[in-house]
Amino acid sequence: MSNSNQQAGSTSEKAGISPPEITNISAINQIKNKRRQQPTSQELINGILEGNRTSLSRAITLIESTNPDHFEKASEVVQGCLTHANKSIRIGITGVPGVGKSTFIEAFGKHLTELGKKVAVLAVDPSSSLSHGSILGDKTRMEELVKDENAFIRPSASGETLGGVARKTRETIILCEAAGFDTIIIETVGVGQSETAVHSMVDFFLLLKISGAGDELQGIKRGIMEMADAIVINKADGDNIKKANQAKVEFNRALHLFPSKKSNWQPKVTTCSSLTKDGIPEVWNTISNYFELTKESGFFQEKRNEQNHFWMLETINEELKQNFFNQPEIVSLLEKSKKAVQNNEISSFAAASQLLKLYFDKGAKAQRDKGSE
């Protein structure tokens, strides 16, 4: 046999295994067709109101989608759930990576479900700036809570939003409330600016710290300290108990340097261990006392009203941004403008003005055409 024939023989296809006779082609096609079917907006709304987790998860995925075709359907679902929302308490939890946020939330969440609460955890997972991917491993880290029938954990990629929270997180809260969850916990990425966004959508803001990190000596960042309604020193167990108590004293001193809050609430500092569960009930007692005070004074509802106004403006900004970058003419000119700016052929300000002028002129033309119909 020649070399060419040998090569042909080595690379030729060989007979494979025939499909078993029991394979039901009709059943396979039915499954495929069923997978292609998407529930209507009303079906999702009905499922959410009935507490169906699959409907809730599908609706959240719809909200998180960047596909323009999904925006209208997502808005319909949110609007349909709106009258059934606003019946929960919203708690934001932040802290630097490594402070034990996931472990704390699992211990805290289990304590709440044991008290008869229905807990939804919205965990924001950081996205890579290079691959844009996320691990979404919070369910793995909260293996006990994820099995609790009174808990719902939804990890989401931070994407390009400020610290991983934006309008999508806000709308997800509405869906979870409509599904019957009375306690919503939002875990931030914990990288700095995300705290501002979380603070604008929660009722209570909890800052997790660990002893020995040096922050108690600096009084940590003034902005985050002023936003915190409570500071919890985590990992207060074993040989670390003494250090945690020392950190508690230092943080208490730092808190008294700040002006009084509008709510008239004096932020508390406590210690806890997410492993031994020591101090977890005290954290909930602190939060309960806060809600009792702010609801009696009317601050709770006043803050909710201010947040609604804030998110109306944020939604306008987000919608304008989405609409702007989804215009084919803008996308085409944007690529040309990028190259011109990089080559110093035009200033970044002039390029931006050209893009905005094209956008507004296009919008004005569309209005004139609509009026002439």
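Computed from the coordinates by the stated procedures, all read-outs in this text should not be read as laboratory data. Fair warning: this is a prediction, and the values are worked out from it, not measured in the lab. Counting neighbours? That spans all protein chains shown, and the Cβs are built from the backbone with ideal geometry, glycine included.
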Could you list which residues have their amide H under 5 Å from that of Asp278, counting only those 5 or more apart in sequence or on another chain, with H placed in the peptide plane? Ser273
Give the Rg/Rh ratio for the range 36-84, taking Rg as the radius of gyration of the Cα atoms and Rh as the Kirkwood radius, to two decimals. 0.93
What order do you get for Tyr290, Tyr359 when you list them from fewest to most C-beta neighbours inside 10 Å? Tyr359, Tyr290
Would you mind estimating how fast the range 244-331 diffuses translationally, via Stokes-Einstein at 25 °C and 0.890 mPa s with the Kirkwood radius over Cα pairs, in µm²/s? 145 µm²/s
Taking the mean number of other Cβ atoms within 10 Å as a proxy for protection, how do you rank 259-267, 110-118 from highest to lowest? 110-118, 259-267
Cβ-based charge dipole, the range 327-371, positive-most Cα from Ala366, Asn343, Gln327: Ala366
Non-local amide H neighbours of Val269 (under 5 Å, H modeled in plane, Pro and chain starts lacking H): which ones? Ile231
3J(HN,Hα) from dihedral phi, the range 310-319, Karplus parametrisation 6.51/-1.76/1.60, rounded to Hz, x for glycine, proline: 4, 6, 5, 5, 5, 5, 4, 4, 5, 5
Could you list Phe291, Phe204, Phe108 in order of exposure, starting from the residue whose Cβ has the fewest other Cβ atoms within 10 Å? Phe291, Phe204, Phe108
